[in-house]
Amino acid sequence: MAKEILTVKELVKRYKELIALDHFGMSVREGEIFGLLGPNGSGKTTAINCILSLLEYDKGDIKIFGKEMSPKAYDIKKDIGVVPQDIAVYESLSVYENIDFFCGLYIRDKETRKKYVQEAIDFVALNDFVKFRPKKLSGGLKRRLNIACGIAHKPKLIFFDEPTVAVDPQSRNKILEGIEELRKGGATIVYTSHYMEEVEQLCDRVLIIDKGTTIAEGTIDELKGMIKKSEIITIEASGVDEKTITSIKEKSTVYNVEYDGRVLKVEAGSGKHNVIDIVNILQEGGYRMKKIFSEQPTLNDVFLELTGKQLRDE
Ligand SMILES: Nc1ncnc2c1ncn2[C@@H]1O[C@H](COP(=O)(O)OP(=O)(O)OP(=O)(O)O)[C@@H](O)[C@H]1O
Ligand SMILES: [Mg+2]
């Protein structure tokens, strides 16, 4: 198993009466893209800021690269990259100067720094904008500048805090591809988001956080294996009678059936023949079926079953 690059144990953070992190724990392995998924206000940014020693916390153990993290642990910090949720660049500096400034915090050698800054500019495709001030950039381009500032010094562990919020689809895809590329180059990524689709697409392992507590942690398949629902079957068939619906409900793996006179939706637990068995029952009843499809549960289903609420207000 890959070695653990970040370990958080029993992290507690209060903002006055509010307990923002309640004995929160997580562990990130070398070379993975690790997703921190939770609804707004669940504690993702607070967790990252505590991990980075940007915020004081009440209790907890944080180890990065096997060493105790602290505000003055510069030997650890030089190998960490941060792309904060709120864009943090200097308005008085140009695109080039901003990237050069952040890179210069860790890279002293002038030649190396020049090379790294240029590579960061290429990476986020801001070549045509190097002389621009941030306020002249669109939202998506500003996000890309924020990313360049966080990664120019070639960190081994990079935190992306909701980098795609309020970004157009094209820039969003570029950002996601860029993260894959950084991982291919050997970096370990921690990625926070409240978009389950992104997390499913991008992350190797995911931690679900709610109200500052770890709800579940594992690969996407492991998380989906934690819930009862394993398949959602949809069949278009008109006029199915009560008796047939009852026989579907009686099938041992089926635990919920909805029917509106036209579309049948069946939620079932794991079973090899769910679709075939249901199709057979309908065929025996002489019903003509149109569309038939079966879907896997989403991370929203996982969140719903583990916490009793939706990941997103829909
Ligand atoms: N500086 C602060 N003072 C007081 N309360 C805070 C502060 N920062 C965050 N909180 C509260 O702590 C909780 C966790 O907030 P946090 O920003 O960590 O959540 P988040 O998961 O990052 O949310 P989002 O998806 O909106 O970014 C929320 O209830 C929030 O209102
Ligand atoms: Mg946040």
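Summary of computed values
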read-out: Scan of the stretch 280-308 for residues that are free of Cβ contacts under 8 Å to residues at least 24 places away in the same chain and part of a loop (DSSP other than H, G, I, E, B), ordered by number; value: Gly286, Gly308
read-out: So Ile64, is it more than 16 Å from ligand 2 (Cβ to nearest atom), open to solvent by less than 50 Å² (accessible area, probe 1.4 Å) and touching a residue at least 60 places away in the same chain (Cβ under 8 Å); value: yes
read-out: Restricting the stretch 239-267 to residues that are in contact with a strand residue (DSSP E or B) (Cβ under 9 Å, 6 or more places away or on another chain) and open to solvent by 70 Å² or more (accessible area, probe 1.4 Å), the residue that is modelled with the lowest pLDDT; value: Tyr255
read-out: The lone exception for Pro71 - which of (1) touching a Ser or Thr at 6+ places or on another chain (Cβ under 9 Å); (2) at pLDDT below 95; (3) within 15 Å of ligand 1 (Cβ to nearest atom) it fails; value: (3)
read-out: Residue check for Lys115: open to solvent by 50 Å² or more (accessible area, probe 1.4 Å), of a type outside the set (Ser, Thr, Tyr) and within 20 Å of the chain's Cα centre (by Cα); value: no
read-out: Residues of the stretch 41-97 satisfying the condition of being more than 15 Å from Arg14 (Cα to Cα), of a type in the set (D, E, K, R) and either outside the structural domain of Ile209 (by TED's automatic domain parsing) or within 25 Å of the chain's Cα centre (by Cα) (or both); value: Asp61, Lys63, Lys77, Lys78, Asp79, Asp86
read-out: Hey, Asp100 more than 18 Å from Ile51 (Cβ to Cβ) and surrounded by 14 or more Cβ atoms within 10 Å (Cβ to Cβ) or not; value: yes
read-out: Residue tally, condition in contact with a helix residue (DSSP H, G or I) (Cβ under 6 Å, 6 or more places away or on another chain) and either of a type in the set (A, V, I, L, M) or open to solvent by 50 Å² or more (accessible area, probe 1.4 Å) (or both), over the stretch 290-309; value: 3
read-out: Every residue from the stretch 123-135 that is part of a helix (DSSP H, G or I) and under 12 Å from Ile151 (Cα atoms); value: Phe123
read-out: Hits in the stretch 35-61 (condition: away from ligand 2 (no atom under 16 Å from the Cβ) and either of a type in the set (A, V, I, L, M, F, W, C) or more than 25 Å from Lys3 (Cβ to Cβ) (or both)); value: Glu56, Asp58, Lys59
read-out: Matching residues in the stretch 8-42 - criterion: being open to solvent by 10 Å² or more (accessible area, probe 1.4 Å) and closer than 23 Å to Cys203 by Cα; value: Lys9, Gly25, Ser27, Arg29, Glu30, Gly31, Glu32, Pro39, Asn40, Gly41
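The values are calculated or read from the model by the stated rules, or taken from the named source; none is laboratory data. Keep in mind that this is a model prediction, so the values were computed, not measured. FYI the Cβ positions are ideal-geometry reconstructions off the backbone, even for glycines, and counts take in every protein chain you see. With ligands, DNA and RNA removed, areas are computed over all heavy atoms of the protein, side chains included. Shrake-Rupley method; radii C 1.70, N 1.55, O 1.52, S 1.80 Å.
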